[in-house]
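One structure is given below, encoded as structure tokens.
The values are calculated or read from the model by the stated rules, or taken from the named source; none is laboratory data. Because the structure is predicted, anything quoted here is derived from the model rather than measured. Cβ: placed from backbone, ideal geometry, glycine included. Neighbour counts: every protein chain shown. The accessibility values were calculated without ligands, DNA or RNA, using every heavy atom of the protein model including side chains. Shrake-Rupley method; radii C 1.70, N 1.55, O 1.52, S 1.80 Å.
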Amino acid sequence: MSPILFYLAQLIVIAYAMIGGVFLAFSDFIMRALSLTSGQGGVEAMQTINREVFRWVFMALFLGLAPVSLLIAAYGAFGIGDGAGVLMMLAGLMYFLGCFGVTVACNVPMNNALAAMETSAAETRDYWIRTYLPRWTFWNTVRAIACGLSAALLLFALGWATQTSPQAM
């Protein structure tokens, strides 16, 4: 692995951890705090969060890491190929499937459903309490874990690669 790729991979470890930290904050206390509101307040806050997230650094990192993760997986599988390569491949696939894939398949459809609802409607409060809060938080926790595992796997892969061929770094 070239030194440039090695340093870029270190930045990707940090990016995985940063994205995972955002998801962890939501699962750990933000969603719990929103659940303690009147219902309407939580819905309105989450609708606003879901609109605002598209305008910030988080979304650039989140979306940018999807193709980067596929490149990491391919490089690990075909460019390195040994134990470190397998860990790299797993790191990339874990992010792509466990974070990006879960977002697209699970969290975004719930966000879209919530966005289409009137904040003061009884049906909205019912959806918020019975469906959105427990399911969204569950899938968000899956995303947080996937990001943490991606960061750890890539970090271990880099450590392994430096132990097996330190002159390549």
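Scanning segment 43-60 for residues that are open to solvent by less than 50 Å² (accessible area, probe 1.4 Å) and within 30 Å of M89 (Cβ to Cβ) gives V53, F58, M59.
Filtered by the rule that a residue be within 19 Å of G159 (Cβ to Cβ), within 22 Å of the chain's Cα centre (by Cα) and not small (G, A, S), segment 68-85 gives I72, Y75.
To keep it simple, each residue is scored yes or no on (1) out of contact with any strand residue (DSSP E or B) (no Cβ under 7 Å at 6 or more places or on another chain); (2) surrounded by fewer than 18 Cβ atoms within 10 Å (Cβ to Cβ); (3) not hydrophobic (A, V, I, L, M, F, W, C).
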residue: T103; (1), (2), (3): yes, no, yes
residue: N107; (1), (2), (3): yes, no, yes
residue: A113; (1), (2), (3): yes, yes, no
residue: A116; (1), (2), (3): yes, yes, no
residue: P134; (1), (2), (3): yes, yes, yes
residue: F138; (1), (2), (3): yes, yes, no
residue: R143; (1), (2), (3): yes, no, yes
residue: C147; (1), (2), (3): yes, no, no
residue: L154; (1), (2), (3): yes, no, no
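Residues are listed down the side, and each one gets a yes or a no for (1) open to solvent by less than 50 Å² (accessible area, probe 1.4 Å); (2) among the charged types (D, E, K, R); (3) part of a helix (DSSP H, G or I); (4) under 24 Å from L65 (Cα atoms):
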site	(1), (2), (3), (4)
M1	yes, no, no, yes
A9	yes, no, yes, yes
I12	yes, no, yes, yes
Y16	yes, no, yes, yes
G20	yes, no, yes, yes
L24	no, no, yes, yes
R32	no, yes, yes, no
S38	no, no, no, no
G41	yes, no, yes, no
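Looking at this structure, is R130 under 16 Å from A17 (Cα atoms) and among the charged types (D, E, K, R)? Criteria not met by R130. Of the listed requirements (1) modelled with pLDDT of 95 or more; (2) crowded, with 20+ Cβ neighbours inside 10 Å, A161 misses just one: (1).
Taking segment 79-95 as the search range and keeping residues that are open to solvent by 50 Å² or more (accessible area, probe 1.4 Å) and modelled with pLDDT of 95 or more, which one is farthest from A113 (Cα to Cα)? Checked segment 79-95; the qualifying residue farthest from A113 (Cα to Cα) is V86. The condition of being within 18 Å of T131 (Cβ to Cβ) and in contact (Cβ under 8 Å) with a residue 60 or more places away in the chain holds for F26. Whenever a residue of segment 138-150 is within 18 Å of A84 (Cα to Cα), its partners that are surrounded by fewer than 22 Cβ atoms within 10 Å (Cβ to Cβ) and β-branched (V, I, T), lying with C-beta atoms within less than 9 angstrom and at least six residues away or across chains, give the pairs S150/V13.
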